[in-house]
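Everything below concerns the one structure shown next.
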Amino acid sequence: MSAMNDTKLKSVIFLFSGLPGHGDAHLWISILLCFLYGISIVGNSVILFIIKTDPSLHEPMYNFLSMLAVTDFGILITTIPTILGIYLFKSREISLDACLAQLFFIHLLQYIESSVLLLMAFDRFIAIHNPLRYASILNSERIAKMGLVAVLRVMVLVLPLPFLLKRLQYCRANVLSHSYCVHRDVMNMACSDITVTSIYGLFTKLFQMGLDSLLIFLSYVMILKTVLSIASFEERLRALNTCVSHLCALLLFYTPEISLSVIHRVGKGSYPLLQTLLGYMSLLLPPLMNPIVYSVKSKHLRARIIKVFVK
């Protein structure tokens, strides 16, 4: 019996879904996706290169921006094989083990990005509340420790997910609703009891993104309290202007994620096209737009980038 179950697990194949009702437009979709991936990879690579090679940008804010760029780069690499494979090579199949590996890295990197956004909110609070000691409080050693703790916390949370999914039995038509593997999608394909897996998946979501978003909200409450204590109106605007890039990054990350969660729980498959588009946005929009937003809003970073390309 054990041998039969092992054979059954190894033979499980999942099928990805592309944009529903747009099978004849795969060529144009693939061209658009290749363009978006190319811009995202170049943008994040330029950000990392400029910050690494320019000593004047070795500041806390840019160190956190480097973490964000590395995380976005990882998400791009993790999703390229399956998303582009569907539209370029019509490759829709993936084995259970490969699906669980992709699932693990997607959730790991998304949760790390949530943690980095929380650290960036803390960075903005320190910069506004105590600007004179900003660099000494957030020195390189402390930033490295904060990043390590964030990664370890996420690793401990996400690591059980693939093992919980591995123990389930899959005996129905395993057609996923996305072009990549995520926990809820794979879990819904199981024909055995998913109670434990579902509860743990909800726990990780709430403990990671829910707690991060709450702490980010509290950070901005403290930032607003500090800004309102500043006497000069111009200085208030200048202080708030330093938070614009981070607020844009928060909107780019959390808006598609929250919308997708609502669709999954309320729509229950009623809006397949919207669900697919939100899935692409949640993975591709932050890596695409974060370098653009920070390059536009950061005068020092923009000047260094222009200097490199002018040379």
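Any read-out appearing in this document is the output of simple, stated calculations on the displayed coordinates, not a laboratory observation. Small disclaimer: the values here were computed from a predicted structure and weren't measured. Here the Cβ is made from the backbone with ideal geometry for all residues, glycine too, and neighbour counts use every protein chain on show.
How far, in degrees from 0 to 90, does helix 96-129 lean away from the longest principal axis of the Cα atoms of the chain, to the nearest 10? That helix lies at roughly 20 degrees to the long axis.
Between helix 26-53 and the chain there is an angle of about 40 degrees, using the helix long axis and the longest principal axis of the Cα atoms.
Among the listed pairs 205/225; 145/307; 52/299; 145/299; 52/145, a Cα-Cα separation exceeding 22 Å is found for 205/225; 145/307; 145/299. Give the residue from 242, 149, 110 lying farthest towards the positive end of the charge dipole for the chain; charges sit on Cβ (+1 for Lys and Arg, -1 for Asp and Glu) and the dipole is referred to the Cα centre. Working it through, the farthest residue towards the positive pole turns out to be 242.
One quarter of the convex hull surface built on the alpha carbon atoms of the range 72-133 amounts to 5.5 nm², the projected area averaged over directions. Taking a Cβ cut-off of under 15 Å around residue 283, the surrounding Lys, Arg, Asp and Glu residues balance to a net charge of -3, with basic ones at +1 and acidic ones at -1.
Normalised by the number of residues in the range 240-311, what is the relative contact order in percent for Cα pairs under 8 Å and 6+ residues apart?
Relative contact order for the range 240-311 comes out at 36 percent.
Computed from Cα positions, the angle between helix 195-205 and the longest principal axis of the chain comes to roughly 20 degrees. Projected onto planes of every orientation and averaged, the convex hull of the alpha-carbon atoms in the range 203-311 covers 9.7 nm². Note on the range 13-310: Cα-only Rg and Dmax are 20.5, 66 Å.
Over the range 13-310, what is the mean sequence separation of C-alpha contacts under 8 Å (at least six apart), divided by residue count, expressed as relative contact order in percent? Mind showing how you got there, number by number?
Details: 310 pairs, mean separation 81.0, N = 298.
Averaging sequence separation for qualifying contacts and normalising by length gives 27 percent for the range 13-310.
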